[in-house]
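As structure tokens, the structure follows; a few thoughts come after it.
The values are calculated or read from the model by the stated rules, or taken from the named source; none is laboratory data. Source: prediction; values computed, not measured. FYI the Cβ positions are ideal-geometry reconstructions off the backbone, even for glycines, and counts take in every protein chain you see.
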Amino acid sequence: MCGIVAFTGTSSTVPVLLNGLRRLEYRGYDSAGLALQTRDGSLEILKRAGKVAELEQALEEAEDARPAENSGAQPADQSTSQPARCGRHTQGVTRNTIAEATTGIGHTRWATHGVPSEDNAHPQLDCSGSIAVVHNGIIENYAALRAELLERGHRFISQTDTEVVAHLIEEEYAAAHGDLVLAVRTTVARLSGSFALAVCHADEPGMLVVTRCDSPLVVGRTKNGAIAASDTPALIEYTREVYYLDDRDLAVLRENGSLQFFDPAGSAIFPTPVTIEWTLEDAERGGYPDFMLKEIHEQPRVIRDTIAGRYNADTRRISFDDVALSPRELKQIERVIIVACGTSYHAGLIGRDLMETWARVPVETAVASEFRYRNPLVTPATLVIAISQSGETADTLEAVKLARLAGAHVLAITNVVGSRITMEANTVLYIKAHLEIAVAATKSFLAQVALLTLFALYLSQERGQLESNVVSEIYAAMEQLPRQIDGILEDTGSIISCASECGDAQTALFIGRGVGATICYEGALKLKEISYVHAEAFSAGEIKHGPIALIDPEGLTDPRAQTPVVAMVCKSVTYDKMLSNIEEVLARGAKVIAVATAGDTRIAELTPHVISIPEVPECLSPLVASVPLQLFARHIALLHGANVDQPRNLAKSVTVE
Ligand code: M6R
């Protein structure tokens, strides 16, 4: 979703802002903009609907423009409408400022209020054009605030909720006799909703004020200044020591690198810095054509890191010292509810089956966006497991808040240190996926499933439900997974040829049974989100109750009309039934792509399109079978010419409900 970068220092701010905005592109956005402080006490603004590349192009044009055109108050970029309508302080970006400005704020906007356009892009300005604001989140009371401000004579240019913030700061700044920190603090007290804000004022050179509430923001010192961003990739190049702000706290950044922090009452506070564990390499493609492929290839390492240190070979026990529940409390859990969205929800479905099977406790996996609206039954004896790669998904966070209010222990499984879910939960377990940039979740899914598998073993061990030899056998099998996944990644020929077989399909069905059905849900989600091919997954036993009607009978006589059906045929108690389901769809003209255990001769008799996976215990099958489906989806998306890292309409973390 939206991205914020703010920098003030002794070097040029433009490269830092652009670099940061590029690193936030993966989050999804539809317009971008900058505000730069000039030496003569004004702000220069440049905004573009579209990609950061278009903003860069506009900056290049401004740099190439002849100095005479760029001098004084004449905007180099005449199409930047807002400056022209605003007051004396603001103008289009000039060549001099690009080179000289050392303080500025940048933004990528994912439209919520108002279409993607230059007027609606951020920064948003006050009436005089002296105050520039970039904002992530939604100001829920913006309509009432806007009405008040209009009555008092403020002029609005955009349809955004953000613009009210700039005008409120304008009033508060006057009331505070030019104290920008106080003005931002009093403004924030009037806002409801979620926000991360970065503010600069033409009359406050070398100073930025940032704040947040229910929306992420990190702050750090660099070698030659101070930086703030809505997500760590934007600042990892400049610092690995970051500060997280609590809701409505403020940070003041100055060009000499000094950082001051204040609580909502205005008292100075001194947060402890946190070191970011991952490196710049994680934010680079590292020779891969796209982040998705890089992240798929990182999965063996991710599994290794996620399971490392969780098993004690001497005691033959799984250990979760980071779970803040005593053995007694673990035994007293009466019910587990897993809440999550999208891919994390699919990981939760797998976790449910494992926990119920091994720990013999009732488990439900709920779609987080529905959870709080259905009056769910949550008690202090309920363990609520919230799964979120980003730790910022608004729907999941709302479910967590409800669970906390009901007195449940909330255990969060996330990838992002310092994310909001880590602040809301009682227990936090980190997957070790490192930064995931591609919008389509791949390595984080495998890491979530691996961690849930271990946690299910732990819960059953602590509740006395599983013998230690079973625990050690499963853990030993998990240790083999990285090598087995490497094997899949080294030999992708059959995956690519099966994907090519489906290259022209408009629709694809996925069928499986038991955990195979869940693997299919995730496989279908991958395919639809990155290739835009309509894909649906069904429990194979259900297809004859309706979905089989989707198979085009033309396929019986014309192979080009065959509906692709991806079938998950892992060895399990339902194996024979699954083969019967495959026969049923073949008899109606489907083209079956089977994902089956290596050496399965019966499936080879039914279809020539087989993707082999290594033999693993059924409970671990998602950890191998999901990998070919990720590659299958990616290849089809590439055949369609789609951008696999940044699919249309999607954002990496969905911070609005
Ligand atoms: O960050 P989260 O795990 O909470 O995100 C949840 C979903 O938005 C996410 O898994 C989404 O479905 C992915 N794009 C799937 O690839």
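For the stretch 308-324, check the following and say yes or no: at least one residue is more than 16 Å from the ligand (Cβ to nearest atom) and closer than 30 Å to Arg374 by Cα. Looking through the stretch 308-324, at least one residue is more than 16 Å from the ligand (Cβ to nearest atom) and closer than 30 Å to Arg374 by Cα. Whether any residue in the stretch 497-507 is surrounded by 21 or more Cβ atoms within 10 Å (Cβ to Cβ) and assigned to a helix (DSSP H, G or I) is what I want to check. Yes, the stretch 497-507 has at least one match.
What about Ala587, is it within 16 Å of the ligand (Cβ to nearest atom) and out of contact with any strand residue (DSSP E or B) (no Cβ under 9 Å at 6 or more places or on another chain)? The answer is no for Ala587.
Among residues of the stretch 524-538 that are over 12 Å from Phe632 (Cβ atoms), those with a Cβ under 9 angstrom from a residue that is away from the ligand (no atom under 13 Å from the Cβ) and among the acidic types (Asp, Glu), sequence gap 6+ or separate chain, pair up as Lys528/Glu536. Report yes if some residue within the stretch 577-584 is in a helix (DSSP H, G or I), buried (at least 24 other Cβ atoms within 10 Å of the Cβ) and within 16 Å of the ligand (Cβ to nearest atom); otherwise report no. No, that holds for no residue. Of everything listed in (1) touching a Gly at 6+ places or on another chain (Cβ under 9 Å); (2) closer than 27 Å to Arg301 by Cα; (3) within 16 Å of the ligand (Cβ to nearest atom), the single unmet condition for Glu615 is (3). Which condition from (1) over 18 Å from Ala283 (Cα atoms); (2) away from the ligand (no atom under 13 Å from the Cβ); (3) buried (at least 20 other Cβ atoms within 10 Å of the Cβ) is the one that Ser388 breaks? Among (1) over 18 Å from Ala283 (Cα atoms); (2) away from the ligand (no atom under 13 Å from the Cβ); (3) buried (at least 20 other Cβ atoms within 10 Å of the Cβ), Ser388 violates only (2). Ala505 passes every criterion in (1) touching a strand residue (DSSP E or B) at 6+ places or on another chain (Cβ under 8 Å); (2) modelled with pLDDT of 95 or more; (3) closer than 30 Å to Thr563 by Cα apart from (2).
Report, by residue number, each residue of the stretch 28-42 that is over 13 Å from Ala6 (Cβ atoms), at pLDDT 85 or above and either buried (at least 24 other Cβ atoms within 10 Å of the Cβ) or among the basic types (Lys, Arg) (or both). Passing the criteria: Ser31, Ala32. State all residues of the stretch 341-362 that are within 13 Å of the ligand (Cβ to nearest atom) and on the phi > 0 side of the Ramachandran plot; if no residue qualifies, say none. Once the filter is applied, which keeps residues that are within 13 Å of the ligand (Cβ to nearest atom) and on the phi > 0 side of the Ramachandran plot, the stretch 341-362 yields only Gly342.
How many residues does the stretch 434-459 contain that are within 12 Å of the chain's Cα centre (by Cα), more than 11 Å from the ligand (Cβ to nearest atom) and either farther than 14 Å from Asp645 by Cα or not β-branched (Val, Ile, Thr) (or both)? Residues meeting the conditions: 1.
Among the residues of the stretch 641-650, the ones that are surrounded by fewer than 19 Cβ atoms within 10 Å (Cβ to Cβ) and within 16 Å of the ligand (Cβ to nearest atom) come to 5 in all.
The sole residue among Leu629, Leu606, Leu638 that is more than 16 Å from the ligand (Cβ to nearest atom), at pLDDT 95 or above, among the hydrophobic types (A, V, I, L, M, F, W, C) and out of contact with any Ser or Thr (no Cβ under 9 Å at 6 or more places or on another chain) is Leu606. For Asn375, state whether it is farther than 24 Å from Pro622 by Cβ and touching a His at 6+ places or on another chain (Cβ under 6 Å). Taking the combined requirement at face value, the residue does not satisfy it.
For the stretch 333-351, a tally of residues being of a type outside the set (Ser, Thr, Tyr) and in a helix (DSSP H, G or I) returns 7. Among the residues of the stretch 261-288, those identified as touching a residue at least 12 places away in the same chain (Cβ under 8 Å) and closer than 21 Å to Leu208 by Cβ are Phe261, Phe262, Asp263, Pro264, Gly266, Ile269, Pro271, Pro273, Val274, Ile276.
Scanning the stretch 237-260 for residues that are part of a loop (DSSP other than H, G, I, E, B) and in contact (Cβ under 8 Å) with a residue 40 or more places away in the chain gives Glu237, Tyr238, Asp246, Arg248, Glu255, Asn256, Gly257.
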